[in-house]
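Notes follow once the structure below has been shown.
Read-outs: derived from the displayed coordinates by stated rules, not from any lab. Here the structure is a predicted model, which means the values were calculated and not measured. Neighbour counts run over all protein chains shown; Cβ positions are idealised from the backbone, glycine included.
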Amino acid sequence: MKSKWIVSKFGGSSVKDAAAMLRCSQIIENNPLTKIVVISATQNTTNQLEFVARAASMGDEETLNNVTQELINKHVNIAVELFTSPAVLTELEALCGELKALGVSILQERTYTPKMMDELYSLGERMSSLLMSDLLRLRLPKKNINFLDARKIIKTSSDFQRAEPQIDLIQKNAATEIIPHLEEDTLFVTQGFIGADLLGNTTTLGREGSDYSAALFGEAINASLVEIWTDVPGVASSDPRLIENVKFIKELSYDEATALATLGAKVLFPTTLLPTKRKNIPVFVGSSLNPEKGGTMVTSDQNAGFSLKGVSQLVRPEGILVSFIGTHLDEKENLAEILQKDLGENSFEFSDLTAVSISFKVTSNKMDFVSSLKVAHDVLAKFFS
Ligand code: ADP
Ligand code: ASP
Ligand code: MG
């Protein structure tokens, strides 16, 4: 049976500094049904952890030290601004110590394995979630804030950097560690992206995988809703950073959202909708900067008839692939011809059609990533009523 509880995930830009973390805590405070808070590493931290590993493996001690210090300063500054408790500051220092030690061991060995990278990656989420848990303790003094190590719950294969979650084990762990506490006045604060294999080694679900973590936690407690809080008010008809006149989509089906993500829309990690679809849990995507703007609801509901909602794009070795996403696309007569005509016969070539997507290869070498997306979005806009 579905529980009433909500899983809320906050992405890197949503927790990028003290002010951003305060906005997240406000969203959490406003909804007493929020039971599990899933936190990503602060903005750009995961990239910086990659720089650390690369610099160390190349013997570039100066860059290693600089980036390590930047990472430490970034988190300590947030801690200071948030009046983090002395006990949590000590824990943060321990994580900074782990970061330095991993850098030094890569420097000595001049190489690193995917397994070591996952251990290093984990520090980003462990630091940000630690800070967030202490902020929530301060802001919600009556609640028991349970700082949960995601590696206790999210058991995975040993495929480092692209680990496969083990759904039965995740369910079993949630049944002992989380579910008995759901009715208590407890709020779990945990990490996205990371898990552990059966030997206890730290693993990660793939870059940008925190959305997937939230969905896995949602599935494990049979949540009523999974919220993905990011920096845009929902899934848009295309990437708002590249296209000016996007339209934010109010409703999407799991299949449409999966197609958008798989075919290139960065807003959701492609496998996010698998666990939520299995348990029929709605997914909300909204902006932690402007929660009042609402967002997109992703559910099992399908539009009754043909509709086109978004365009996304992938760069593949054989060229750029532009895809239109919608419903009942395979039932619309001559859709490929209609779109192809508007896109320009000489620049795009039909590639693939499913019920929820139709893709075209960009054949003109005059079209780059942005210009081909713009052309496709203009074609899409003709279908908006
Ligand atoms: P987070 O750090 O919260 O996980 P991401 O950077 O992973 O955030 O995802 C949000 C970004 O996804 C937006 O800032 C936007 O630029 C990009 N994006 C790409 N395609 C879309 C789309 N169709 N709708 C909304 N955002 C999109
Ligand atoms: N911090 C990880 C990344 O940047 C996971 C995530 O944010 O989704 O890839
Ligand atoms: Mg993301």
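For residue 310, which sequence-distant residues (separation of 5 or more, or a different chain) have an amide H within less than 5 Å of its own amide H, given hydrogens modelled in the peptide plane?
325
Any lysines with Cα under 22 Å of the residue 74 Cα? List them, leaving off those in the same chain fewer than 8 positions away.
Correct list for residue 74: 9, 16, 100.
Which one, 339, 356, 370, is farthest towards the positive end of the dipole of the stretch 333-373 when Lys and Arg carry +1 and Asp and Glu -1 on their Cβ?
After comparing all options, I get 370.
Just grab the label-to-label distance for residue 4 and residue 181, each label 7 Å out from Cα along the Cβ direction, in nm (one decimal).
Distance between label points: 2.0 nm.
What is the ratio of the Cα radius of gyration of the stretch 166-282 to 2.2 N^0.38 Å, where N is its residue count, to two decimals?
So the Cα radius of gyration is 1.16 times the expected 2.2 N^0.38 Å.
To the nearest 0.05, how large is the calculated FRET efficiency for residue 314 and residue 293 if R₀ is 25 Å and r is the Cβ-Cβ distance?
Values: r = 28 Å, r/R0 = 1.12.
Efficiency for this residue pair is about 0.35.
Which ³J(HN,Hα) values in Hz, rounded to whole numbers, follow from the phi angles of the stretch 122-137 under the Karplus curve 6.51 cos²θ - 1.76 cosθ + 1.60, where θ = phi - 60° and Gly and Pro get x?
4, 5, x, 6, 5, 6, 5, 6, 4, 5, 5, 5, 6, 4, 5, 4
What is the extension gain from residue 61 to residue 33, computed as 0.36 nm multiplied by their sequence separation minus the C-alpha to C-alpha distance, in nm to one decimal? Display every interim value, and only then the final one.
On the way: separation 28, 0.36 × 28 = 10.08 nm, distance 4.73 nm.
Gain in length upon complete extension: 5.3 nm.
Taking the stretch 114-188 as the region of interest, what is the percent of Cα-Cα pairs per 5 angstrom bin, listed from the shortest bin to the one with the maximum distance?
Calculated over all Cα pairs of the stretch 114-188, the distribution is 3, 14, 19, 19, 20, 14, 8, 3, 0 percent.
With each label point set 7 Å from Cα along the Cα-Cβ vector, what nm distance links residue 161 and residue 306?
4.4
From the C-alpha gyration tensor of the stretch 246-330, pull out the three semi-axes of the equivalent ellipsoid (sqrt of 5λ each), sorted largest to smallest, in whole Å. Intermediate results must be reported in sequence, preceding the final value.
Values: eigenvalues 85, 52, 39 Å².
Square roots of five times the eigenvalues give 21, 16, 14 Å.
Given Cα pairs under 8 Å that are at least 6 residues apart, what percent is the relative contact order of the chain?
Relative contact order for the chain comes out at 15 percent.
What FRET efficiency, computed as 1/(1 + (r/R0)^6) with R0 = 35 Å and r the Cβ-Cβ distance, is obtained for residue 199 and residue 19, rounded to the nearest 0.05?
0.30
Nearest 0.05, what FRET efficiency do residue 50 and residue 384 give at R0 = 41 Å with Cβ-Cβ as r? Each step should come with its number before you reach the end.
Details: r = 39 Å, r/R0 = 0.95.
With a Förster radius of 41 Å, E is 0.55.
Mind checking the alpha-carbon convex hull of the chain and giving the volume per residue in Å³?
With only Cα atoms used, the chain gives 146 Å³ per residue.
Write down, largest first, the equivalent ellipsoid semi-axes of the stretch 29-157 in whole Å, where each equals the square root of 5 times an eigenvalue of the alpha-carbon gyration tensor. Provide the component values of the computation, followed by the final result.
Values: eigenvalues 172, 56, 24 Å².
Each semi-axis is the square root of five times an eigenvalue, giving 29, 17, 11 Å.
Quick check on packing: order 248-255, 137-144, 215-222, 29-36 by the mean number of other C-beta atoms within 10 Å, highest mean leading.
Put in order of decreasing packing, that is 215-222, 248-255, 29-36, 137-144.
Please state the charge dipole magnitude for the chain, taken about the Cα centre, from unit charges on C-beta atoms (+1 on K and R, -1 on D and E), reported in debye and rounded to the nearest 20.
The calculated dipole for the chain is roughly 620 debye.
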